[in-house]
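Before any comments, here is the structure.
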């Protein structure tokens, strides 16, 4: 159901807005939440909402994905932007870990190993 993930009584017509939601290293402001159940039961409503806003999909009150509306003919551009964002997050994690452990710089091989490990971890989830 739209609203904060823990409110099953939230209305699809008047969604509640989470003022701040922290996800990893990014803070999302004013994101709309949608339960997997609501997505399954009212897909037509969801598709029309995607024309106006992006939605965080939740399962059992926990974020599991993001639905992003894509304009006609802009799929490649949107997918490229998502991939760039994921890469930027991976680089930020590497930099934080390197700074936290006192490592001034990582070699290209170490960076590649970190990326592989992150992808492997993501595929297990």
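Throughout, read-outs are computed from the coordinates displayed, never taken from laboratory work. For clarity, every value in this text was computed on a predicted model and none was experimentally measured. Virtual Cβ from ideal backbone geometry, glycine too; neighbours counted across all protein chains shown.
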So how do 58, 101 line up by other beta-carbon neighbours within 10 Å, fewest first? 101, 58
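Work out the FRET efficiency for residue 48 and residue 117 from their Cβ-Cβ distance, taking R0 = 41 Å, and round it to the nearest 0.05.
Working: r = 40 Å, r/R0 = 0.97.
The formula returns an efficiency of 0.55 here.
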What spacing in nm lies between the two simple spin-label points modelled at residue 97 and residue 41, each 7 Å away from Cα in the Cβ direction? 4.1
Kindly put 56, 64 in sequence by how many other C-beta atoms sit within 10 Å of each C-beta, fewest to most. 64, 56
